[in-house]
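Scroll down for the structure; my scribbles are underneath it.
The values are calculated or read from the model by the stated rules, or taken from the named source; none is laboratory data. All values reported here derive from a predicted model rather than from experimental measurement. Here the Cβ is made from the backbone with ideal geometry for all residues, glycine too, and neighbour counts use every protein chain on show.
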Amino acid sequence: MPKNSQQAIHKILNNIDSVIIGKRNVAELCVMALLADGHVLLEDVPGVGKTMMIRALAKSIDAKFKRIQFTSDLLPSDVTGSSIFHPKTGEFYFRQGPIMANIVLADEINRASPKTQSALLEGMGEKSVTVDGTTYELNSPFLVFATQNPIDYEGTSPLPEAQLDRFLFKINLEYPTFTDEVEILTKHTDHQPIEDIRSVINTHEILDLQKDLKIIYIDNNIKQYIVNIVQQTRNHKMITLGISPRGTIALMKASQACAYLRGRDFVTPDDVQYVAKYVCVHRLIIASEARFNGQSASEIFDDVVKNTPVPITR
């Protein structure tokens, strides 16, 4: 692995650590998503640092950052942009929407209508948007980090399966520990720590890292292990909807990103197991019998991984 690449990655993580205390694992997952060119859904209660973490990541890589506050009256054109008539020239010109950035924070995405939520679908899947019949390419790299509040369901529209399937990871931040929260108070005594962050890498270098990820070796035994996990979710009696082929590819890419972050040029079963729950659980729909018995998708998936034979690799 290139030494300077590993140094840049660790500097990004250290930047995030200086702003968000005690969430190194979440920061690592966000960087893995960046390397794997995948989108992230952050779900947790308000005020735990979801927005601040993404801002810190964007500043660390010198990325163009835009935040969209999703509300019930937000229109698709408020996301993608729209054609505006210029009276002097008698022509229409395209006014870019906030999706024309490197990192887009879709804040409280489940508060918008399904029609507005779907405005992100083309951008997330195709890296382009179509407005009035004209297709516009999005910036590279392009990542969506969406947040949602799992507690307040009034006035929200749950994300459809097709959109959930486009997120590489679903992550929960959770509350900080007692010690971490004391340190947070200390850091916020006189200023915001994010003001001290400086970029340690640029977006062109990020694109190079994404190319490097494609050459991370993944043995055929590891590929079979990934497919075995996926196949079990499709055949499990407590799962109504299992992992899609898109999810299979996502699990492979996330495993490669995990190996890269850990300084290896090959994937191990440990890499697959580490990222599997973040890649897979939000893609599952469990049976009504499981919900009646109080089982969660996470518990069922843990059982799936536990019962999948682990390959022996050299």
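Tallying residues that are over 23 Å from Val267 (Cβ atoms) and touching a strand residue (DSSP E or B) at 6+ places or on another chain (Cβ under 7 Å) within region 181-217 yields 0.
If you check Val129, Val144, which single one turns out to be out of contact with any Lys or Arg (no Cβ under 9 Å at 6 or more places or on another chain), under 25 Å from Ala250 (Cα atoms) and not in a helix (DSSP H, G or I)? After ruling out the rest, the residue left standing is Val129. Among the residues of region 1-41, just one is polar (S, T, N, Q), surrounded by 15 or more Cβ atoms within 10 Å (Cβ to Cβ) and closer than 24 Å to Ser255 by Cβ, namely Ser5. Listed here are the helices (runs of 4 or more DSSP H) enclosed by region 233-314 that have at least 1 residues being at pLDDT below 90 and at positive phi, and there are none.
Scanning region 91-111 for residues that are touching a residue at least 40 places away in the same chain (Cβ under 8 Å), among the small types (Gly, Ala, Ser) and not in a strand (DSSP E or B) yields a total of 1. Among the residues of region 219-246, those that are surrounded by fewer than 19 Cβ atoms within 10 Å (Cβ to Cβ), in contact (Cβ under 8 Å) with a residue 24 or more places away in the chain and over 18 Å from Ala287 (Cβ atoms) comprise Asp219, Asn221, Lys223, Gln224, Asn228, Arg246. Residues in region 220-248 that are over 30 Å from Phe292 (Cβ atoms) and either of a type in the set (S, T, N, Q) or not assigned by TED's automatic domain parsing to the domain that holds Ser298 (or both): Asn220, Asn221, Gln224. Of all residues in region 132-141, exactly one satisfies the criterion of being loosely packed, with under 15 Cβ neighbours inside 10 Å, in contact with a Lys or Arg (Cβ under 8 Å, 6 or more places away or on another chain) and assigned to a loop (DSSP other than H, G, I, E, B), namely Ser140. If I filter region 149-160 for residues that are in contact (Cβ under 8 Å) with a residue 12 or more places away in the chain, under 15 Å from the mean Cα position of the chain (by Cα) and assigned to a loop (DSSP other than H, G, I, E, B), do I get at least one hit? Yes, region 149-160 has at least one match. Given the structure, is Thr89 over 30 Å from Arg198 (Cβ atoms) and modelled with pLDDT of 85 or more? Spelling it out, it is not the case that Thr89 is over 30 Å from Arg198 (Cβ atoms) and modelled with pLDDT of 85 or more. When every residue of region 201-213 is checked against the conditions, at least one turns out to be part of a loop (DSSP other than H, G, I, E, B), assigned by TED's automatic domain parsing to the domain that holds Gln7 and at pLDDT 90 or above.
Report every pair of residues separated by at least 6 positions or lying on different chains whose Cβ atoms are under 6 Å apart, first residue within region 162-188 and aromatic (Phe, Trp, Tyr), second surrounded by 12 or more Cβ atoms within 10 Å (Cβ to Cβ). Final answer for the pair search is Phe167/His39; Phe167/Leu41; Phe169/Leu29; Phe169/Ala33; Phe169/Val40; Phe169/Tyr278.
Checking each residue in region 263-310 for being surrounded by fewer than 17 Cβ atoms within 10 Å (Cβ to Cβ) and touching a Pro at 6+ places or on another chain (Cβ under 9 Å) picks out only Val310. State whether the residues of region 42-57 include one that is touching a residue at least 24 places away in the same chain (Cβ under 8 Å) and surrounded by fewer than 15 Cβ atoms within 10 Å (Cβ to Cβ). Yes; the residues of region 42-57 include at least one that is touching a residue at least 24 places away in the same chain (Cβ under 8 Å) and surrounded by fewer than 15 Cβ atoms within 10 Å (Cβ to Cβ).
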